[in-house]
Amino acid sequence: MINVLIHGCTGRMGTTNVRVFHSDKEVKVVGGVVEKGNPFVGMDVGEVAGIGRLGVSVSDNIEDYISLCDVVVDFSVPSATSRLVDVALKHKKKLVIGTTGLSEDIMKKILEASESIAIVQSPNFSVGVNLMLELTKVATQVLGEDFDIELVEVHHNKKKDSPSGTALKILEVIKSIREDYKTIYGREGIIGERPKEEIGVFAVRGGDVVGDHIVMYLGYGERLEIVHRATSRETFSRGALRAAKFLMTKDKGFYTMKDVLGF
Ligand SMILES: NC(=O)c1ccc[n+]([C@@H]2O[C@H](COP(=O)([O-])OP(=O)(O)OC[C@H]3O[C@@H](n4cnc5c(N)ncnc54)[C@H](OP(=O)(O)O)[C@@H]3O)[C@@H](O)[C@H]2O)c1
């Protein structure tokens, strides 16, 4: 049995995580944590997630649950993730980190912590998106510099960071091949002809879109698009669940979804 603590348990992802992790026979949800002042504190974690009583209540103090868990699953906000890393390090607990918008300092802290504890961090836990990263690598290599590359991401109107963590990851893959290319975020005014060494990134926000990512390769006489559309947050939770199971075989180290999926 894997004992899991859900960090950010009342959020869009947190409630989905509670549902998906609880539905797995090998997993026990031992607690849920939120920010101080959250109106759900004291309520049952399962009831908040819409699956009925689990017998554990939402807490605003991670120390209430940290000793009971094997792994903490975090989809919250960067400042909370940063504090969580300190607590996990102190108690030697494994971490699945899905929070996006992490600063360089927080990433550095995560990498340092992974010298003592096992961590999977990914800006996108969907299996499809992780395959998309590999397809992007191949397409960028094979299509070559004759093709202009543009990236579009679409998300719901509550999303706080832009561009999405996934878009930044896709960019990282493209720029590992097109090292000298400059990234621009949107275009406006008399911008002139598009320089070859440019990658345009566009963040569209609206409605309840879970997350679309489109990489366009615009050539002469043809165009290739790699498109991924997430239709439910469950896909991220299912990936996070695979990551939590993967971590049970590791004592320390930094891992990504590529390691979890084994390609
Ligand atoms: N990696 C992936 O696959 C993936 C997929 C989807 C989303 N995400 C990312 O996951 C994060 C959460 O997204 P969301 O849509 O679920 O956001 P959300 O609905 O705003 O939920 C955030 C949750 O974090 C909680 N939180 C805030 N401060 C906290 C603290 N100090 N300690 C513990 N919990 C705290 C919030 O509680 P309060 O309401 O009390 O503030 C809330 O429960 C974002 O960074 C998003 O980009 C990642």
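Every read-out reported here was derived from the displayed coordinates using simple, explicitly stated rules and does not represent laboratory data. What you are looking at is a predicted structure, and each value in this text was computed from that prediction instead of being measured. When we count neighbours, we look across all protein chains shown, and the Cβ atoms used for this are built from the backbone with ideal geometry, even at glycine.
The ratio of the alpha-carbon radius of gyration of the chain to the globular-protein estimate 2.2 N^0.38 Å is 1.07. Computed over the stretch 1-154, the percent of Cα pairs more than 24 Å apart is 40.
Over the Cα atoms of the stretch 1-85, the radius of gyration divided by the Kirkwood radius equals 0.92; this is the Rg/Rh ratio. Ellipticity at 222 nm from helices only: DSSP H runs of n ≥ 4 in the chain, each -39500 (n - 2.57), divided by the residue count, give -10000 deg cm²/dmol.
Within the straight-line cut-off of under 22 Å between alpha carbons, the lysines reachable from Lys158 are Lys36, Lys169, sequence neighbours fewer than 8 places apart in one chain being disregarded. In this calculation the C-beta distance from Asn61 to Asn3 is compared with R0 = 22 Å, giving a FRET efficiency of 0.80.
Legend: residue pairs Lys109/Lys245; Lys90/Lys175; Lys159/Lys182, Cα-Cα distance threshold 30 Å; pairs beyond threshold, Lys90/Lys175.
Just to be sure I understand: if I project the alpha-carbon convex hull of the stretch 38-113 onto a plane and average over all orientations, what area do I get in nm²? Result: a mean projected hull area of 5.4 nm². May I ask for log10 I(q)/I(0) of the stretch 107-164 at q = 0.24, 0.26, 0.28 Å⁻¹, from a Debye sum over the Cα atoms as equal point scatterers with solvent left out? Results for the stretch 107-164 at q = 0.24, 0.26, 0.28 Å⁻¹ read -1.05, -1.08, -1.12. Cα centroids of the stretch 1-80 and the stretch 198-263: 24 Å apart. Taking 0.36 nm per residue of sequence separation and removing the Cα-Cα distance, the Leu143/Phe263 pair yields an extension gain of 41.0 nm.
At a 10 Å Cβ-Cβ cut-off, how would you order Leu102, Leu151, fewest neighbours first? Could you put the intermediate results ahead of the total?
Working: Leu102 19, Leu151 22.
Going from least to most buried by this count: Leu102, Leu151.
Rg/Rh for the stretch 105-235 stands at 0.99; both radii use Cα atoms, and Rh follows the Kirkwood definition. Eigenvalues of the Cα gyration tensor times 5, then square-rooted: what semi-axes does that give for the stretch 221-262, in whole angstrom, largest first? Largest first, the stretch 221-262 gives 29, 15, 6 Å.
Going by how many other beta carbons lie within 10 Å of each one, how would you line up His155, His91, His22, fewest first?
Details: His155 25, His91 14, His22 18.
Fewest to most other Cβ atoms nearby, the residues stand as His91, His22, His155.
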